[in-house]
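Inspection log for the structure reproduced underneath, given as structure tokens.
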Amino acid sequence: MNAPAKSSTDSPTSLLFSDLKLRDVEVKNRVVISPMQQYASDQSGEPQRWHLDHLGRLAQGGAGLVFTEVAAVNQDGRNTHFDVGLWSDAQTDNWARLADAINSGGSVAGVQIGHCGRKASIQTPWAGFGPLGPADAARGEAPWQVVGPSPIASNPGWPVPAELTIDQIETLIDEFGQAARRAAQAGFQALNIHGAHGYLIHSFLSPISNQRQDAYGGDRSGRIRFALKVAQAVRANWPGHLPIFFRISAIDGLDGGWEIDDSIALAIELKKAGVDVMDCSSGGLTARTTTAATPRPEGYQVPLAAAVRAGADIKTMAVGLIRRPSYAESVVCENSADLVAIGRESLNNPFWPLHAAVELLGDAGYACWPHRYGWWLERRASQLRLNEASNA
Ligand SMILES: Cc1cc2nc3c(=O)[nH]c(=O)nc-3n(C[C@H](O)[C@H](O)[C@H](O)COP(=O)(O)O)c2cc1C
């Protein structure tokens with residue numbers, strides 16, 4: 001148990017609300033806002049006013065680090081016509097505004113980059129969430145050719161990806177590096193490579209989706225080559241003093257798929273390539289998992305983060321149905337992960353980290369709040385206690 005030091009006054013302490021240094025970046029606490037696509041761009045791929053308000057608000061909500069949604073490294077790597085991207089230098093100004101909004105809110109600004117691979121060219125959730133087709137084309141959202149390591153569709157009825165050539169793979173590796181360079185220019189201080197959820201990198205890792213026989217397929221060392229080269233290209237284009245996260249689906253959860261031992265082996269190699277934190281999600285190679293109507297326990301992916309942390313001696317981030325502050329605290333105290341990512345619960349309550357601080361630290365937690373709010377709320381809390389005592 002990695003308990004925080006007890007204070008001399010015996011007031012509550014919290015490891016979740018202690019700082020963490022990642023390379024030269026000081027993160028004020030271990031709560032991270034998980035990347036969440038908003039499908040709110042305007043086909044330019046640039047972040048819009050919505051992104052500034054949404055992520056600025058989440059930063060004000062007290063997380064140590066706020067990740068943007070995944071930014072496509074090229075136009076074909078988008079999920080939908082409304083995804084954000086970092087495929088052009090012309091896009092950088094609005095990304096700089098977004099990084100500034102997150103920093104102004106008090107969080108470290110993080111960006112996620114990726115390519116949706118064979119899961120590109122889909123409808124927005126509210127338009128069906130399936131592959132784009134002729135009806136979508138008629139209303140201005142034409143489908144485009146999806147790509148992958150092998151010509152295997154992600155789901156029955158979904159488009160068959162065009163098998164990438166070696167030249168195309170090398171171009172993609174370079175595009176990941178260029179997107180990282182733009183993100184650094186825009187002022188982001190942490191970067192997350194999306195290697196999960198059935199997107200392009202994941203589809204290279206899994207033997208189910210990668211049936212190539214060349215250097216990028218075959219045994220595990222071939223299937224992880226694309227991920228490693230992407231990490232190396234990103235590291236070469238991303239400042240040495242800033243951290244890199246790498247999100248994986250630590251298990252496919254499918255017969256004959258990617259397993260936890262594979263993730264540990266990958267993490268060992270990614271660490272050598274300059275990755276600092278393994279962000280451990282799972283599944284999604286075929287069906288979508290976040291919206292699956294499957295019963296799932298609290299923190300269902302935490303054991304995966306714990307296994308990668310122990311097996312590869314690397315920092316990890318846990319994600320997935322982490323909602324109770326005391327549970328989030330236990331995840332870091334029990335050495336399962338160094339950081340805890342909050343996704344949908346932050347949509348439910350953008351101030352989740354601030355409320356968690358008060359729940360774990362008592363009135364001292366109000367010090368985590370923007371003082372323009374916290375000063376009042378701490379005094380109100382005393383008043384409310386007096387009211388309760390006088391009513392008792
Ligand atoms: C609206 C929405 C968009 C998402 N977009 C991304 C994304 O861009 N990149 C990513 O890695 N995961 C994405 N995810 C997955 C979340 O980051 C997170 O892993 C998942 O929601 C489970 O965590 P939770 O139970 O705290 O929500 C998304 C999830 C949601 C709900």
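The values are calculated or read from the model by the stated rules, or taken from the named source; none is laboratory data. Computed from a predicted structure; not experimentally measured. Cβ coordinates were reconstructed from backbone atoms using ideal geometry, including for glycine residues, and neighbour counts include every protein chain displayed.
Of the candidates 183, 137, the single residue that is touching a Leu at 6+ places or on another chain (Cβ under 7 Å) and part of a helix (DSSP H, G or I) is 183. Of all residues in segment 113-133, which are closer than 27 Å to residue 230 by Cα and not in a loop (DSSP other than H, G, I, E, B)? Result: 113, 114, 117, 118, 119, 122, 131.
In segment 369-390, the condition of being in contact with a Gly (Cβ under 8 Å, 6 or more places away or on another chain) and either within 19 Å of residue 58 (Cβ to Cβ) or of a type outside the set (Asp, Glu) (or both) is met by at least one residue.
When restricted to residues that are more than 16 Å from the ligand (Cβ to nearest atom) and of a type in the set (Phe, Trp, Tyr), segment 226-257 contains 2.
If I ask for residues that are under 15 Å from residue 328 (Cβ atoms), more than 15 Å from the ligand (Cβ to nearest atom) and in contact (Cβ under 8 Å) with a residue 60 or more places away in the chain, which ones from segment 343-386 would you list? Walk me through how you get there before you give the answer.
Applying the first criterion (under 15 Å from residue 328 (Cβ atoms)) to segment 343-386 yields 343-346, 348-349, 351-361, 365, 368.
This time we only want the ones that are more than 15 Å from the ligand (Cβ to nearest atom), so: 351, 354-355, 357-361, 365, 368.
Once the filter is applied, which keeps residues that are under 15 Å from residue 328 (Cβ atoms), more than 15 Å from the ligand (Cβ to nearest atom) and in contact (Cβ under 8 Å) with a residue 60 or more places away in the chain, segment 343-386 yields 351, 354, 357, 360, 361, 365, 368.
Among residues of segment 9-30 that are closer than 19 Å to residue 359 by Cβ, those with a beta-carbon under 7 Å from a residue that is modelled with pLDDT of 95 or more and among the aromatic types (Phe, Trp, Tyr) at least six positions away or on a different chain give the pairs 29/17. Suppose we keep only residues that are more than 28 Å from residue 329 (Cα to Cα) and away from the ligand (no atom under 12 Å from the Cβ) within segment 54-76. Which one would you say is surrounded by the fewest Cβ atoms within 10 Å (Cβ to Cβ)? Restricting to residues being more than 28 Å from residue 329 (Cα to Cα) and away from the ligand (no atom under 12 Å from the Cβ), the top hit is 75.
Criterion first (within 16 Å of the ligand (Cβ to nearest atom), outside any helix (DSSP H, G or I) and either more than 24 Å from residue 40 (Cβ to Cβ) or out of contact with any Ser or Thr (no Cβ under 8 Å at 6 or more places or on another chain) (or both)) does residue 152 satisfy it? Show your work before the answer.
Working: within 16 Å of the ligand (Cβ to nearest atom): no; outside any helix (DSSP H, G or I): yes; either more than 24 Å from residue 40 (Cβ to Cβ) or out of contact with any Ser or Thr (no Cβ under 8 Å at 6 or more places or on another chain) (or both): yes.
No.
Just one of the listed residues (210, 103) is polar (S, T, N, Q), more than 23 Å from residue 281 (Cα to Cα), over 16 Å from the mean Cα position of the chain (by Cα) and surrounded by 14 or more Cβ atoms within 10 Å (Cβ to Cβ), namely 103.
Looking only at segment 238-268, count how many residues are surrounded by 18 or more Cβ atoms within 10 Å (Cβ to Cβ), out of contact with any strand residue (DSSP E or B) (no Cβ under 9 Å at 6 or more places or on another chain) and in a helix (DSSP H, G or I). Total meeting the criteria: 2. Determine whether residue 161 is over 23 Å from the mean Cα position of the chain (by Cα) and surrounded by 23 or more Cβ atoms within 10 Å (Cβ to Cβ). Judged against the criteria, residue 161 is a match. Regarding segment 302-325, can at least one residue be identified that is closer than 25 Å to residue 207 by Cα, of a type in the set (S, T, N, Q) and within 10 Å of the ligand (Cβ to nearest atom)? Within segment 302-325, not a single residue is closer than 25 Å to residue 207 by Cα, of a type in the set (S, T, N, Q) and within 10 Å of the ligand (Cβ to nearest atom).
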